[in-house]
4 protein chains.
Amino acid sequence: MINGHEPPAWDVQTWLNTDVPLSLDDLRGRVVVIHAFQMLCPGCVSHGIPQAKAIQQAFPPSRVQVIGLHTVFEHHESMNETALKAFLYEYRIRFPVGIDRPDPRGNPLPVTMQAWHLEGTPTLIILDAQGRIRLQHFGQLDDLRAGAVIGQLMAESDAGFSTTAP
Amino acid sequence: MINGHEPPAWDVQTWLNTDVPLSLDDLRGRVVVIHAFQMLCPGCVSHGIPQAKAIQQAFPPSRVQVIGLHTVFEHHESMNETALKAFLYEYRIRFPVGIDRPDPRGNPLPVTMQAWHLEGTPTLIILDAQGRIRLQHFGQLDDLRAGAVIGQLMAESDAGFSTTAP
Amino acid sequence: MINGHEPPAWDVQTWLNTDVPLSLDDLRGRVVVIHAFQMLCPGCVSHGIPQAKAIQQAFPPSRVQVIGLHTVFEHHESMNETALKAFLYEYRIRFPVGIDRPDPRGNPLPVTMQAWHLEGTPTLIILDAQGRIRLQHFGQLDDLRAGAVIGQLMAESDAGFSTTAP
Amino acid sequence: MINGHEPPAWDVQTWLNTDVPLSLDDLRGRVVVIHAFQMLCPGCVSHGIPQAKAIQQAFPPSRVQVIGLHTVFEHHESMNETALKAFLYEYRIRFPVGIDRPDPRGNPLPVTMQAWHLEGTPTLIILDAQGRIRLQHFGQLDDLRAGAVIGQLMAESDAGFSTTAP
């Protein structure tokens, strides 16, 4: 993804932890933090998921929306919807999680993962209140830097404009 | 289990990470450290599995044998053999893991878990070189105490006798 | 301190890790992160100091200036300048550290600590680019929240105005 | 020190946290865990001291005696008895701590540190119930291995003999 541009809409097969499907358009006005993960990815379980939960607790939902995106690109058989539900229950994950749609043409990468050019899991993606990608980080990003981006985007939103995006 | 007594034989449906099935009899002469776990149990993933891997690295295999016992008592559909294989691969678990046999009568607890009166996962079980249960701990046991039991049982084995078992 | 107001100037007896004394005026234009600490305070050593070092590494010095303030209010005899120098050396602390001036009237609290109404150590204080106190937190503040304040203040500085201060 | 031999007596200038001076002879019958440390040594503060406190909590004092040995070989002026007392108070260290005697001939290393050929701090030394050195480790030793040595030596003590010492 080119930073500063709106991503294409996600293509989510099923939403969990939410009664209504989420769309990027509906989230305008809030900073959106997306954790792309796989439930059997050790770095996601040890770092990305706890960070996403901490972000959800640290910031008011009216300002920052945390979303999980389950981008299964390996072990598809074992990371199905039933297994993911068990995982969300056991790890007490309360934020909405979308299941990225499997590629109908057989590419092991699901379709949103392809469209967004994600390199793997965990990937942290942060959108500003205008829906533009401002951070996309594959691997572990420390809390200081993640927090700084969120704080910056909240300040921009308060000011009604962007300081650094094109 | 009553400490100091030999447990009944485990009833393992399938062994992973080993070419031959393991039996308690064959392990006589070595301290045996068994981690009873479930792949979707957070305390197992964050504490029990890393501890089992550390024990495997800290002590020579000729003295201490680490074994995983996958005792699935919930989310059976999602913690099947295929999923467990993916889990072992992703978490780089190299020690032998036995899958506890599902109860043919429909009890959600698998049969070894029942026979050994395990309370849940993670449970750490340590057998002395004579095959007797000397520690059975449900929950997290710190490394100091786990290490002390292993050191004690190795010393007893060196001396050819038990200091504290009946 | 009332958030949003400029604090009185600090009264530093001696500066370490800097050739020239620092003043709040000279730091205008940069976000200023001050860690008020004592070298024998466990929470400072385990949390505050590592966080200050991480902030120094995460953000460019042209945008964020990290400063230590050694506010000794107990064990004065043991936390003198010589001891502090040894501490900074052993803990590889490279950011400027000011020694808060002891109270000439015998109050165990040093004078800046009094003037700023600090409750103890560690205390994290963050000033915006206009020199106003925007955060003052006694105890441990997690990296996400600390990072968010820094990011917010950098964004405000970029925009040349404040979004939330009076 | 050659493992398996009794060390020369320590030469302690002052004992803290104990009403009576301790001697190796008086400790016979117990496993003795000695943490040689300096109060301004980062590895001691982050690892060695917490480990010593955890050992004190994990094992009964009738079986395992934890002792700190303050072996100051640098920054002598700042790590004096007054400063050490403040350190013990702030870090809530309750086990006996002996201050190794400064070398009257001016060697920066204190005399017990010289006599025991310690390489630096932290050093973990474990003596068996017969007063012989069975482990001497410079740097950080993980809890599993430290626990295993303690467990082994307790088992030997129970059996009234040594399994591996000469």
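Read the figures in this text as sums done on the coordinates, not as results from a lab. These numbers come from a predicted model, not from an experiment. As a convention, Cβ positions derive from the backbone with ideal geometry for all residues, glycine included, and neighbour counts pool all protein chains shown.
For region A:64-73, putting each phi into the Karplus relation 6.51 cos²θ - 1.76 cosθ + 1.60 with θ = phi - 60° gives couplings of 9, 10, 9, 9, x, 10, 8, 9, 7, 10 Hz, in residue order, rounded to whole numbers and with x for Gly and Pro.
Legend: residue pairs D:Lys53/D:Lys85; A:Lys53/D:Lys53; C:Lys85/D:Lys85; A:Lys53/B:Lys85; A:Lys53/A:Lys85, Cα-Cα distance threshold 23 Å; pairs beyond threshold, A:Lys53/D:Lys53; A:Lys53/B:Lys85. When the Gaussian network model of chain B links Cα atoms closer than 10 Å, the mean-square fluctuations of B:Arg101, B:Arg145, B:Arg30 top out at B:Arg145. Copy-to-copy label distances for D:Pro50, where each label lies 7 Å from Cα along Cα-to-Cβ, are 0.7, 1.1, 1.2 nm in order of increasing length.
A cut-off of 5 Å between modelled amide H atoms, ignoring neighbours fewer than 5 places along the same chain, links C:Leu22 with no other residue.
For the peptide B:76-88, the mean number of other protein chain Cβ atoms found within 10 angstrom of a residue's Cβ is 4. Here the Karplus curve 6.51 cos²θ - 1.76 cosθ + 1.60, taken at θ = phi - 60°, turns the phi angles of region D:115-124 into couplings of 5, 8, 6, 6, 8, x, 10, x, 10, 9 Hz, with x standing for Gly and Pro. Once you've got the GNM for chain A with C-alpha springs shorter than 10 Å, pick whichever of A:Gly68, A:Gly147, A:Gly131 has the biggest mean-square fluctuation. In this elastic network of chain A, the residue with the biggest mean-square fluctuation among A:Gly68, A:Gly147, A:Gly131 is A:Gly147.
A cut-off of 5 Å between modelled amide H atoms, ignoring neighbours fewer than 5 places along the same chain, links C:Leu69 with C:His35, C:Ala36, C:Phe37, C:Gly98. Entry note, region D:1-143: relative contact order of 39 percent, from Cα contacts under 8 Å with a spacing of 6+ residues. Derived scalar couplings between HN and Hα for region D:93-107 equal 8, 10, 7, x, 10, x, 9, 4, 6, x, 6, x, 8, x, 4 Hz in order, rounded to whole Hz, by the Karplus curve 6.51 cos²θ - 1.76 cosθ + 1.60 (θ = phi - 60°), x for Gly and Pro. For the peptide D:39-48, the mean number of other protein chain Cβ atoms found within 10 angstrom of a residue's Cβ is 3. Measure nothing fancy, just the Cα-based angle from helix A:143-159's long axis to the longest principal axis of chain A, in degrees from 0 to 90, nearest 10. Between the helix axis and the principal axis of chain A, the angle is about 50 degrees. Using a 7 Å projection from Cα along Cα-to-Cβ, the label point at B:Asn107 is separated from the same position in the remaining copies by 5.0, 6.7, 7.0 nm, smallest value first.
Take each residue in D:136-148, count the other chain C-beta atoms within 10 Å of its C-beta, and the mean is 5.
Between amide H atoms placed 1.01 Å from N, distances below 5 Å from C:Leu135 occur with C:Ile126, all of them 5 or more places distant or on a separate chain. The angle between the Cα long axis of helix B:49-58 and the longest principal axis of the Cα atoms of chain B comes to about 40 degrees, rounded to the nearest 10. Across A:Pro50, A:Pro104, A:Pro21, mean-square fluctuation computed from a Gaussian network of chain A (C-alpha pairs under 10 Å connected) peaks at A:Pro104. Translational diffusion of the protein assembly as shown, estimated by Stokes-Einstein from the Kirkwood radius over alpha carbon pairs at 20 °C in a medium of 1.002 mPa s, is 75 µm² per second. Computed from label points 7 Å out along Cα-Cβ, the spacing between C:Ala115 and D:His76 is 4.0 nm.
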